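Chemist: So that we are looking at the same thing, I have put the structure below in structure tokens.
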Amino acid sequence: MTTFDPSVLAESISAETGLGFVGSDGRSADGVRWLEVVPAGHPLGQTFAIRAEIGWRRIDVRFRLGSFAGDLLASTRSADETGRRVFQTVLDACQKAGAGVALIVNGTIRNHRDDAVWEDPWRSFGFVVGKGMLAINEGNDTADMRLIEEWATRATAAVIALLPVEEEARGLPEGAKLRIEVNRYERDRRNRTAALAIHGHKCMACGTDMAERYGAAAEGLIEVHHTIPVSEVGPGYIIDPGTDLIPLCPDCHSVAHRRSPPYSVKELRNMLRPNLPA
Ligand SMILES: [Zn+2]
Ligand SMILES: [Zn+2]
């Protein structure tokens, strides 16, 4: 019998999104164990919940709004273009990773790619991301928790793209903050959160996972790099966190920016190839 600590999940999602979450857990009437996170410091009915149900070889992550979250429902539907695009892109990435995605608007299942979803008045809104065929509940608690975090973080990244969240620059070391290009795209934390939810935390050039190398002190330490130089995109350009933003470790990120325009991931990999074990 495995035990998962909901506060660990809450901490990890808080670190990813910059929003404070608290966790709880329980079991549904049919015996399915769940972990849930909700934004800290708000009455439950007025906010939202992300619940990961851990079934037999599957995880289903459900987003639902509280019963008295009318304001939140209205602001979610009127999310800006960036928010809607990030929401769709993260859910696309979930599908590409083999999950089923169902948007439920006014009690009806809708396609998250259907722009008409945003036109109708909403009485209710929720979604489910379900991934089956998982090696879960087979006795490895650490691996199980990693899967739960991965899928819950993706769902949360989709959600917060739609929310009127105040931007925070937490979670980055000072040096990284200084080096990162200052522009309105990078400043939008939703994009960073979505990019990491899609690509994970390993450097895309050298494959380093900072937490694996340094341990807990480096948990969550990764930088997000624009593949398209800021000077080449117009003011109306809406960034795609799936293709335009990639995770790089601090070393690779520094090297990438030793040239303008920056070195591509392919070029970085070529530089590293002679040094990598065969
Ligand atoms: Zn690297
Ligand atoms: Zn960069």
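The values are calculated or read from the model by the stated rules, or taken from the named source; none is laboratory data. Quick caveat: nothing in here was measured; it's all calculated off a predicted structure. Ideal geometry is used to build each Cβ from the backbone, glycine not excepted, and the neighbour counts take in all protein chains shown.
Chemist: Would you pick out the residues in the stretch 204-238 that are within 13 Å of ligand 2 (Cβ to nearest atom) and touching a helix residue (DSSP H, G or I) at 6+ places or on another chain (Cβ under 8 Å)?
Modeler: Matches in the stretch 204-238: Met204, Ala205, Ile222, Glu223, Val224, His225, His226, Thr227, Val230.
Chemist: Mind listing whichever residues of the stretch 216-253 are within 14 Å of Cys203 (Cα to Cα) and either in a loop (DSSP other than H, G, I, E, B) or more than 24 Å from the chain's Cα centre (by Cα) (or both)? Talk me through it step by step, then tell me what you get.
Modeler: First, pick out the residues of the stretch 216-253 that are within 14 Å of Cys203 (Cα to Cα): 218-227, 245-253.
Listed by number, the residues that qualify are Glu219, Gly220, Leu221, Ile222, Thr227, Cys249.
Chemist: Which one is surrounded by the fewest Cβ atoms within 10 Å (Cβ to Cβ), of the residues in the stretch 28-57 that are charged (D, E, K, R) and modelled with pLDDT under 95?
Modeler: Across the stretch 28-57, the extreme among qualifying residues is Asp30.
Chemist: Where residues in the stretch 206-215 are in a loop (DSSP other than H, G, I, E, B) and within 16 Å of ligand 1 (Cβ to nearest atom), which of them is farthest from the chain's Cα centre (by Cα)?
Modeler: Cys206
Chemist: Is it the case that Arg113 is basic (Lys, Arg) and more than 20 Å from the chain's Cα centre (by Cα)?
Modeler: no
Chemist: Among the residues of the stretch 1-47, which ones are among the β-branched types (Val, Ile, Thr), without any contact (Cβ under 8 Å) to a residue 40 or more places away in the chain and outside any loop (DSSP other than H, G, I, E, B)? Talk me through it step by step, then tell me what you get.
Modeler: Applying the first criterion (among the β-branched types (Val, Ile, Thr)) to the stretch 1-47 yields 2-3, 8, 13, 17, 22, 32, 37-38, 47.
Those left that are additionally without any contact (Cβ under 8 Å) to a residue 40 or more places away in the chain: 22, 32, 38, 47.
Selection gives Val22, Val38.
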